[in-house]
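The values are calculated or read from the model by the stated rules, or taken from the named source; none is laboratory data. All figures in this text were calculated on a predicted structure; none of them were measured in a lab. Cβ sites come from the backbone with ideal geometry, for glycine too, and all protein chains shown count toward neighbours. Accessible surface is based on the protein model in full, side chains and every heavy atom, while ligands, DNA and RNA are left aside. Shrake-Rupley method; radii C 1.70, N 1.55, O 1.52, S 1.80 Å.
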Amino acid sequence: MSVTTNTNEEKKKPPLNGRRALPSDNSNDEENEVPEMEAFGLIPRGFNPKDYLRVVDIHMFKEPHEINKQQHHTDKYYSPKLIVRRGQAFQIQIDFNRPYNPETDQFWLEYLIGRYPQQNKGTYIPIPLSNVLKPGKWGAKITRKENNSVRLSIMSSATCIIGKFRLYVAVWTPFGILRTQRNSALDTYILFNPWCQEDAVYLDDEKEREEYVLNDVGIVFHGNIEDIKLRSWSYGQFEENILDACLFLMDKAELELSGRGNPIKICRVASAVINSRDDNGVIAGSWDNTYAYGVAPSAWTGSVDILLEYYSSKQPVRYGQCWVFAGVFNTFLRCLGIPARLITNYSSAHDNNANLQLDIFLDDEGKVDTKLTKDSIWNYHCWNEAWMTRPDLPVGFGGWQVVDGTPQETSDGMYRCGPASVQAIKHGHVCFQFDAPFVYAEVNSDIVYLRREKNGTQVIEKIDTNHIGQLIVTKQVGNDGMMEITEEYKFQEGSKEERLALETAVMYGVKKQTAQDTTYQPQTDVDMDFQVQKAVLGSDFKVTITFRNRSRNYYTATTYLSGNIVFYTGVAKKEFKKHSFSAKLEPSSSSSFDVAVQSSEYVNDFLDQACFHFFVTAQINETGKILATQKATVLDIPALRIKTQGEMVADKEMSVIVEFTNPLKQTLENVTVRLEGPGVLRTMKKLF
C-alpha cells in the first residue's frame, strides 16, 4: 500500500531544477493542498479532534453595504468575495463549537497564495493573535467575545502581495494542528491602498483618489492641436470578473508572486502584456485601416469587453490603437488600486533613433522624400501615468510615472515602456530607469528639414523647435473638462530652464546631432504660414497660405502644397492633393493665396480618424532658399447625440435614442452602434 502512495506522490512533484529548491511561483490561480490534520508524531488511540476547539463558521462581512467594503472603498466591485486594501484593518468573526478560552485554547490564521507558499516570500502568512495591531504590519487581535464567537480585527502589511489569498484557521492541539477545510468563499482579495500612508501608492488628496482610483468612466482627448476632439471611455474596473482578468494578466506575464507587492514591477510587466507583440498579450495593434476578423479600434467604447474576451480566450483581441491600449491599461491600474490617468500628447514624436530630432528629407523640388524620411509625428499619442513612490531612484522622482502599453520600440528586448518619472523627464535626468530618453524625445524633439544636394551633402533648410509636444492634457479631476499638464513635462519653450534641461538630457546620453556635417542658413526676411479652414467630413474647404515679406526686396516664390490622408500616427496613406503656383511677394507686405480642396478629392480614401496632413514648401527664386512648414488637421466628424425616453428608474425598461447626421452625398451601409454603461448595462451592439 505504502509503495503505491509513494509513486502517486512522486507524480505530483514538479520537475527538479538544479538552481532552486522550488519551481518559480508565478500563478495566483494555482493552489497547494493544505493538510487538515498536521500531526506532530504518532497519534495515540484515544485522540478525538472533536474534544478540541473546532471552527463551526467564519463570517467575512463581505457584502457591499457591510463594514469591510465600505471602509476599504471596495463596495463598487461586483464580486461576492471579500476585497480589502493593504495596510488597513478589516473585520471577521469566527464561530466555534464552544466558548473560546484564551488560557487553554490556541488558534491562529493562515493566508496563502500560489502553488508553493513560503513564509520568506510573503506567500505563506501565519498570523498569531496579539494585543496590539501595529500599523502596516500583519497582525490580528480579538475585539469582541460573545458566547461561542470571537470578532477579530486583522491588519495586513502595507507591502503585501496584491492578489487573491486563501484563508485557513488553525487550532493547536497537543498531538497536531487542526485546520479548517479549503473554502473558496473565504478567499480574500488584497489590493493596493492609496488611502494608506505606508503604501507605495499613497495619494493624499481625496478628490484625486475618487477620480484616479474610483472613477470608472473617463475622457480620451484626440484629434489634433488645432482641433481637439474627445471620446468617452468606460474603464469598468469594478465590473464582474474584471478583477480576476487583471490578476490573470500578471500570471500571463509570469510575474513572480513575491514581486506583486511592488507597483514598479507590476507597471513594467503590464506595459508589455497589454500589447500582443512578443508575448501574446491583450490587444493586437493595427494601424493600416484594414480590420478584418476584428473590431476597428475606434468602435470600442471601453475596456470591459476587451479584458473579458482575453480572459476567456487567452488570445490577443483585435484591434487596438494607442487610446485603446491606454484605456485598458488604465482599467488594469485602477482595478488593482494604483492611481492612474490617461494622457494625450499632441504632436508626439516617434523618433526611431532617439536623437531628439525628427528628420524630414526633401527632394530637389522641396517635396517630402518618403523613402528617406523614417521618423513620424503622431497627431496625438496616448499613454498613462501611474502614481507611486520610486525607492529605486534618488529622492524627488516619485509621483506620476509614464507607462505606455502601445508597442512602439523595444525596451530590454520587449515592447514595453516605463515606468519613467515625469519629474525626471522635465529636468532632463533621463539616466533614471525606465525608458526616460524615449519619452523625453516624444515631448521634446526638434523637426529638421533636410535637403540632399546633387553631390550628396545635406543642407538644413529649417529647424522647428516648438512643434513637438505642444500640448499635453488629461481629464480634469471631478468633471469632464480638459486639464493641461504640459508644464509637468517641460519648461516654457525657449526659457533658460528648458535649454538647461535639454543640455542635461544630452549629457545623460540622449543623442543630439550636431550641425557640423550640415550647413544651415535660413531665409530670415520672409515668413510663411498656412491655415486650414474648419470643415465637416464630406464638404469642400480651403487652405490659405500667407507670406510676410519683411525685406525691401521684391521676391517671387515657387510654392508647392502637398495634402495627404494620414493615420493619426502621421504615416501617410495617400497623397490626395498636389498644387503648385508662383507667388509674387511685394516688399514689406503680406500676401495670401487660397488653395481649394473638393470633397471628391479625398472622400474615397478616407480613414476612420479623419486626419489630413499638409506640407507647404516654397523656394525664393532670387536667393534659392527654401521655406517649409507642415501641420495636421482633422475634419469634424458628425457628433452623436444621445437622448433617453421614459423614466430612468432602476430595474425598469427605458429606451435610448441615438441621432446623427450623415454628411456624405451617399447612403451609409452596415452602420454599427455600440452602447455601454458601466454598472448599468453590458455593451450592446446593433447593426443598421
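Just the number, please: carbon plus sulfur as a percent of the accessible area of the stretch 57-173, 1.4 Å probe, no ligands or DNA/RNA counted. Please list the in-between numbers first.
Numbers: 2480 of 5110 Å².
It is 49 percent, rounded to a whole number.
Does the stretch 316-363 classify as rounded, prolate or oblate by the C-alpha gyration tensor (a ≥ b ≥ c root eigenvalues; a/c under 1.5 gives rounded; else a/b over b/c gives prolate, otherwise oblate)?
Details: a/c = 3.38, a/b = 2.18, b/c = 1.55.
Here the stretch 316-363 falls in the prolate category.
Would you mind checking the tilt of helix 304-313 against the longest principal axis of the Cα atoms of the chain, expressed as 0 to 90 degrees and rounded to 10?
60 degrees
Whole Å is fine, so just give me how far the alpha carbon centre of the stretch 637-675 lies from that of the stretch 299-337.
24 Å
Relative to the present Cα-Cα distance, how much length would full extension add between Ser582 and Ile67 at 0.36 nm per residue of separation? Write out the running numbers ahead of the final one.
Details: separation 515, 0.36 × 515 = 185.40 nm, distance 7.69 nm.
Stretched fully, the Ser582-Ile67 segment lengthens by 177.7 nm.
In square nanometres, what is the average projected area of the Cα convex hull of the stretch 37-191? If you can, show how the numbers build up before the last one.
Numbers: hull surface 39.3 nm².
The directionally averaged projection comes out at 9.8 nm².
Around Lys229, which amide H atoms from residues at least 5 apart in sequence, or from another chain, sit under 5 Å from its own amide H, with H modelled in the peptide plane?
Amide H neighbours of Lys229: His222, Gly223, Asn224.
Convert 4 °C to kelvin, take the viscosity as 1.567 mPa s, use the Kirkwood radius over C-alpha pairs of the stretch 356-481 as Rh, and evaluate the Stokes-Einstein diffusion coefficient in µm²/s, rounded to a whole number.
Numbers: Rh = 16.7 Å.
Translational diffusion coefficient: 77 µm²/s.
Would you calculate the separation in nanometres between label points at Gln666 and Lys686, each defined as 7 Å from the Cα along the Cα-to-beta-carbon direction?
Result: 2.6 nm between the two label points.
Need one word for the stretch 207-508: rounded, prolate or oblate. Basis is the Cα gyration tensor (sqrt eigenvalues a ≥ b ≥ c); a/c below 1.5 gives rounded, then a/b vs b/c decides. Spell out each step's value before the answer.
Working: a/c = 1.75, a/b = 1.44, b/c = 1.22.
Verdict is prolate for the stretch 207-508.
Using a Förster distance of 60 Å, how high is the FRET efficiency between Thr623 and Ala292, based on the Cβ-Cβ distance and rounded to 0.05?
Values: r = 52 Å, r/R0 = 0.86.
Efficiency for this residue pair is about 0.70.
For the chain, what does -39500 (n - 2.57) per DSSP helix run (n ≥ 4), summed and divided by total residues, give at 222 nm, in deg cm²/dmol to the nearest 500? Walk me through the numbers on the way to the answer.
Working: 12 runs with 102 residues, N = 688.
Taken over the chain, the calculation gives -4000 deg cm²/dmol.
At a threshold of 8 angstrom on Cα-Cα distance, excluding pairs fewer than six apart, so keeping six or more, what relative contact order does the stretch 37-191 reach in percent? Kindly include the intermediate steps, with their values, before the conclusion.
Details: 330 pairs, mean separation 43.9, N = 155.
Across the stretch 37-191, relative contact order equals 28 percent.
For the chain, just the Cα set please: Rg and Dmax, both in angstrom.
Radius of gyration, then largest Cα-Cα span, for the chain: 31.0, 115 Å.
Show me 392-400, 541-549 ranked by packing, highest mean number of other Cβ atoms within 10 Å first.
On the way: 392-400: 14.9, 541-549: 17.9.
Going from most to least packed, we get 541-549, 392-400.
Helix 322-336 against the longest principal axis of the chain: what's the angle in degrees, Cα atoms only, rounded to the nearest 10?
The angle comes out at about 20 degrees.
Only Cα pairs under 8 Å and at least 6 apart count here; give the relative contact order of the chain as a rounded whole percent.
Working: 1560 pairs, mean separation 65.1, N = 688.
Result for the chain is 9 percent.
Of the GluC sites (Glu not before Pro) in the stretch 535-643, which ones lie in a loop per DSSP and count no more than 14 other C-beta atoms within 10 Å?
Listed in order of number, the matching sites are Glu622.
Whole number in Å², please: accessible area per residue of the stretch 641-687, 1.4 Å probe, ligands, DNA and RNA not counted. Walk me through the numbers before you get to the answer.
Numbers: 4050 Å² over 47 residues.
Result: 86 Å² per residue.
Order the peptides 494-502, 381-389 from the highest to the lowest mean number of other Cβ atoms within 10 Å of their residues.
Numbers: 494-502: 13.9, 381-389: 25.7.
Order by mean packing, descending: 381-389, 494-502.
Based on alpha-carbon atoms only, what is the radius of gyration of the stretch 526-634 relative to the globular estimate 2.2 N^0.38 Å?
Details: Rg = 14.9 Å, N = 109, 2.2 N^0.38 = 13.1 Å.
Rg over 2.2 N^0.38 Å, computed on Cα atoms: 1.14.
Tell me, what is the FRET efficiency for Asn455 and Lys371 to the nearest 0.05, using R0 = 22 angstrom and their Cβ-Cβ distance as r?
Details: r = 19 Å, r/R0 = 0.87.
E between Asn455 and Lys371, to the nearest 0.05, is 0.70.
Working from Cα positions, state the angle (0 to 90°, nearest 10) between the long axis of helix 496-507 and the longest principal axis of the chain.
It is inclined by approximately 70 degrees.
Rounded to a whole number, what % of the accessible area of the stretch 641-687 do carbon and sulfur atoms account for, probe 1.4 Å? Please report the intermediate quantities before stating the final value.
Values: 2150 of 4050 Å².
The computed percentage sits at 53.
Extension gain Arg499-Thr556, at 0.36 nm per residue separation less the Cα-Cα distance, in nm?
Values: separation 57, 0.36 × 57 = 20.52 nm, distance 3.65 nm.
Additional length available on full extension: 16.9 nm.
Efficiency by 1/(1 + (r/R0)^6): what FRET value for Met648 and Met483, r their Cβ-Cβ distance, R0 = 35 Å, to the nearest 0.05?
0.75
Order 191-197, 130-136 from most to least packed using the mean count of other Cβ atoms within 10 Å. Before the final figure, lay out each step's value.
Numbers: 191-197: 22.1, 130-136: 12.4.
In decreasing order of mean packing, 191-197, 130-136 become 191-197, 130-136.
Hey, what D do you get for the stretch 641-687 in µm²/s if you plug the Kirkwood alpha-carbon radius into Stokes-Einstein at 20 °C and 1.002 mPa s? Present the calculation step by step, with values, prior to reporting the outcome.
Values: Rh = 12.9 Å.
Translational diffusion coefficient: 166 µm²/s.
On a C-alpha basis, how far is the centre of the stretch 111-151 from the centre of the stretch 375-423 in Å? Whole number, if you could?
37 Å
From the Cα gyration tensor of the stretch 100-178, with a ≥ b ≥ c the square roots of its eigenvalues, which class applies: rounded if a/c is under 1.5, or else prolate if a/b is larger than b/c, or else oblate?
Working: a/c = 2.22, a/b = 1.37, b/c = 1.62.
In terms of gyration-tensor shape, oblate.
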